[in-house]
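Asks: Just passing along the structure, written as structure tokens.
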Amino acid sequence: MLLLSSFLHLHGRPCGPFTALGLGRAPRPGAGSCRAMCRHLRVLVDMDGVLADFEGGFLKKFRARFPEQPYIALEDRRGFWVSEQYGQLRSELSEKAISIWESKNFFIELDPIPGAVEAVKQMAKLENTDVFICTSPIKKYRYCAYEKYAWVEKHFGQEFLEQIVLTRDKTVISGDLLIDDRPDITGAEPNPSWEHVLFTACHNKHLQLQPPSRRLHSWAEDWRAILDSKRPPPGQAI
């Protein structure tokens, strides 16, 4: 499922700090000149591993369901794909790992990453800033897609449901920044419009990024500085 909001264009959106929450004012006379001067910065924020604690939730449920099986501590996680590392531990553990996140209530019961909800709510209120939660549902989607919506409503409120983009290919979604914990994001578009800022997670913290690639180590860091680095100088028209 790919929401129509995935295809929103930067032009034609009203200026104002609450536009990302659907609370922007109706266009006024002279709004065209406003749009020329205050182009909205579009920030795409990944969900699992950036807003929701996928790794912690997985490990807790894996150990509860398979108490006799070996597991990988969070400090020993390497590589984006959990099932691959578990499969290397024991071949049969790969399918057991997958069964955890394919189960009912996995996504809805994930805890928020520390500081994530507060930071993104603040981000959405910034002037000339549009924030979208851009997340990839799993292919066995019986519970996943619904629970992602329910999780956002639970932690961000109903008004933020307008800001969800579900897509299997994030490269085709336009934006200025994508904050995501996956190191390698590829798809149909070889040159995405966004800059990928790697959000630090247990599985990627050991990776050495080459400039100009950037990290956001946690939501306690100065994420505003990253956004500001993508904005034009004051008074410069777009």
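The values are calculated or read from the model by the stated rules, or taken from the named source; none is laboratory data. The structure presented is a predicted model; accordingly, all values stated were derived computationally and were not measured. All Cβ positions, even for glycine, are placed from backbone atoms using ideal geometry, and neighbour counts span all protein chains on display. Ligands, DNA and RNA are excluded from the accessible area calculation, which covers all protein heavy atoms including side chains. Shrake-Rupley method; radii C 1.70, N 1.55, O 1.52, S 1.80 Å.
Asks: Work from the charge dipole of the range 141-186 (Cβ charges, +1 for Lys and Arg, -1 for Asp and Glu, about the Cα centre) and give the residue of A150, L161, L177 farthest towards its positive end.
Replies: Checking the options against the dipole of the range 141-186, the answer is A150.
Asks: Also, quick follow-up: Jot down the radius of gyration and Dmax of the range 145-238, Cα atoms only, both in angstrom.
Replies: 15.3, 43
Asks: Under a Cβ-Cβ cut-off of 15 Å, what is the net charge of the residues other than D111 that fall near it, where Lys and Arg count +1 and Asp and Glu count -1? Don't skip to the end; give the middle numbers.
Replies: Details: positive: K60, K61, K148, K154; negative: D48, D53, E55, E109, E118, E147.
Taking every Cβ under 15 Å from that of D111, the sum is -2.
Asks: Quantify, in whole percent, the carbon and sulfur part of the accessible surface of the range 90-238 (1.4 Å probe; protein heavy atoms only). Present the calculation step by step, with values, prior to reporting the outcome.
Replies: Values: 3770 of 7630 Å².
Roughly 49 percent, rounded to a whole number.
Asks: Let me ask something additional. Treat every Asp and Glu Cβ in the range 25-173 as -1 and every Lys and Arg Cβ as +1, leave all other atoms uncharged, and give the resulting dipole magnitude about the Cα centre to the nearest 20 debye.
Replies: Numbers: 23 positive and 21 negative charges, 93 e Å.
The dipole of the range 25-173 has a size of about 440 debye.
Asks: Report the full-extension gain for the segment A64 to K104: residue separation times 0.36 nm, less the Cα-Cα distance, to one decimal in nm.
Replies: Working: separation 40, 0.36 × 40 = 14.40 nm, distance 1.48 nm.
Answer, rounded to one decimal: 12.9 nm.
Asks: Please name which of Y141, F106, V117 has its Cα lying farthest along the dipole of the range 93-143 towards the positive end, using unit charges on Cβ (Lys, Arg +1; Asp, Glu -1) and the Cα centre as origin.
Replies: Towards the positive end, the residue furthest out is Y141.
Asks: Nothing charged except the Cβ atoms of Lys and Arg (+1) and of Asp and Glu (-1): what's the magnitude of the dipole of the range 115-170 about its Cα centre? Round to the nearest 20 debye.
Replies: Numbers: 9 positive and 8 negative charges, 91 e Å.
So the dipole magnitude of the range 115-170 works out to roughly 440 debye.
Asks: Given points 7 Å out from each Cα along the Cα-Cβ axis, report the A150 to E162 separation in nanometres with one decimal.
Replies: Modelled inter-label distance: 2.5 nm.
Asks: A further question on this structure: Measure up K60/K230; K60/K125; K121/K205; K121/K230 against 29 Å on the Cα-Cα distance and list the ones that go over. Could you put the intermediate results ahead of the total?
Replies: Details: K60/K230 38 Å; K60/K125 34 Å; K121/K205 25 Å; K121/K230 19 Å.
Beyond 29 Å: K60/K230; K60/K125.
Asks: Apply the Karplus parameterisation 6.51 cos²θ - 1.76 cosθ + 1.60, with θ equal to phi minus 60°, to every residue of the range 119-128 and state each ³J(HN,Hα) to the nearest whole Hz, in sequence, with x for glycine and proline.
Replies: 5, 6, 4, 5, 4, 5, 8, 5, 5, 6
Asks: Sticking with this one: Counting only residues 5 or more places away or on other chains, whose amide H sits under 5 Å from the amide H of I164 once H atoms are built in the peptide plane?
Replies: Counting only residues 5 or more places away or on other chains, the set is I133.
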